Amino acid sequence: LLYYTPVNAGHRDTSLGVAATTSPSMAATGEVAFQGTNNHLWLYDPGTGGKRDTGLGMAGGTSPAIVSLAGGGYEIAFQANTNILWLNNPSTGTSVNTGLGMKSLTSPAIVAVAGGSYEVAFQANNDHLWYYTPSNAGQRDTGLGMAPGGSPAITATSGGSPEIAFEANNYHLWYYTPSNAGQRDTGLGMDADTSPAIVSMGGSSYEIAFQANNYHLWLYTPSNAGQRDTGLGMDAATSPAITASSGSVEAAFQANNGNLWIYTPANAGQRDTGLGMDAASSPALPAP
């Protein structure tokens, strides 16, 4: 597990092993969740260097999702080694077995929502996009088919309404709004076995980053149906990460030279960090 700070090109090798073909997740508070080489859910705090093996087994080839909560602390969603969606609150040590089956080799996404709660999106074992609201144990099968091996991404607008992006079983980028059951096929083809990333831009706007079927990093803005091929090649079977600061987005991805790259759409800036990434793994950026 390595982390990298673009503003000063600083990087650090934590010496903590990460399971092959899995990726870390980062909370806004800086806490990192990942699957260790012993296939357990692990936590790492870059600020203190603290690390913790939770002892909770994860399904091989899957990655956790972590989010900072409005009231403090954070929550983690992951696919357990029983192929069930689990939740873990490291602050309290509470773990929840939701009993909801997940598609093998896929990972959940989690976002904080109004009222201090959170919402989880995942590919269920019926190959559909599902979402789960822990505050009322609500769950819903959207009926929308997902591509095998694809995982959804979720964000929340400033009004607190979640928005989900995913690769559908027609291998197009789709997005879904749980509050009104709205859905849209963007018509933009995605590379198989990859997943999009989504970030709120304030108000009701958001931006999506994904690997297109020409193996380039693309960006898409649903509010104006804007789309952009950055021309930057991505490594096959990897997915980008995206975040926002002061109204500007930043993307991170594994390029087709196997290195971590960062991209700033506002000025079309791009940078090869020179840091090599493990094949079939993807970077993480914290939600704003």
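Of note:
- Taken one residue at a time, the phi angles of the stretch 190-204 give Karplus couplings (6.51, -1.76, 1.60, θ = phi - 60°) of 10, 5, 4, 6, 10, 9, x, 10, 9, 9, 6, 10, x, x, 9 Hz. Gly and Pro are set to x.
- Taking amide H atoms as placed 1.01 Å from N in the peptide plane, the amide H of ASN256 lies under 5 Å from those of GLY233, MET234, ASP235, each 5 or more residues away in sequence or on another chain.
- Accessible surface of the stretch 164-230 [probe 1.4 Å, protein heavy atoms]: carbon and sulfur percent: 43 percent
- The calculated FRET efficiency for the pair LEU275 and THR37, based on their C-beta separation and a Förster distance of 22 Å, comes to about 0.65.
- Our coupling estimate for the stretch 77-84, obtained by passing each phi through the Karplus curve with A = 6.51, B = -1.76, C = 1.60 and θ = phi - 60°, is 10, 7, 8, 6, 6, 9, 6, 10 Hz, Gly and Pro reported as x.
- Reduced Cα scattering model of the stretch 84-240, Debye log10 I(q)/I(0), q = 0.12, 0.14, 0.17 Å⁻¹: -0.49, -0.66, -0.97
- Global geometry of the stretch 214-288, whether rounded, prolate or oblate, following the gyration tensor of its Cα atoms and the 1.5 cut on a/c: prolate
- In this structure the stretch 92-236 gives 37 Å² per residue of accessible area when probed at 1.4 Å with all protein chains present.
- Between the amide H of ASN125 and those of GLY101, MET102, LYS103, distances stay under 5 Å, these residues lying 5 or more places away or on another chain, with hydrogens modeled in the peptide plane.
- Amide H within-cut-off set for ASN169, under 5 Å, with H built and near neighbours excluded: GLY145, MET146, ALA147
- Residue-span extension gain [ASN267 to SER135] - 0.36 nm each, minus C-alpha spacing: 43.5 nm
- Rounded FRET efficiency, nearest 0.05, which uses the C-beta distance separating ASN256 from SER158 and R0 of 51 Å: 0.90
- Protein accessible area in the stretch 21-95, 1.4 Å probe - carbon and sulfur %: 49 percent
- Max mean-square fluctuation residue, GNM over the chain, Cα-Cα springs under 10 Å, options ILE76, ILE84, ILE110: ILE84
- Relative to the Cα centre, the charge distribution of the stretch 158-288, modelled as +1 at Lys and Arg Cβ and -1 at Asp and Glu Cβ, gives a dipole magnitude of about 280 debye.
- Pairs of Cα atoms nearer than 8 Å and 6+ residues apart set the relative contact order; for the chain it is 11 percent.
- Dipole magnitude for the stretch 91-195: about 240 debye, using +1 per Lys or Arg Cβ and -1 per Asp or Glu Cβ, origin at the Cα centre.
- Equivalent ellipsoid, the chain (semi-axes from 5 times Cα gyration tensor eigenvalues, Å): 24, 23, 18
- Average Cα contact separation per residue, the stretch 15-77, under 8 Å, 6 or more apart, as relative contact order %: 31 percent
- When the solvent-accessible area of the stretch 235-275 is split by element, carbon and sulfur atoms take up 46 percent of it, the probe being 1.4 Å.
- Prolate/oblate/rounded label for the stretch 1-125 (Cα gyration tensor, a/c 1.5): oblate
- The stretch 52-135 shape via C-alpha gyration tensor axes, a/c threshold 1.5: oblate
- The stretch 78-174, relative contact order in percent, only Cα pairs under 8 angstrom and at least six apart counted: 20 percent
- Counting 0.36 nm for each residue step from ALA236 to SER179 and taking away their Cα separation leaves a gain of 17.2 nm.
The values are calculated or read from the model by the stated rules, or taken from the named source; none is laboratory data. All figures in this text were calculated on a predicted structure; none of them were measured in a lab. FYI the Cβ positions are ideal-geometry reconstructions off the backbone, even for glycines, and counts take in every protein chain you see. The area values use the complete protein model at the heavy-atom level, side chains included, leaving out ligands, DNA and RNA. Shrake-Rupley method; radii C 1.70, N 1.55, O 1.52, S 1.80 Å.
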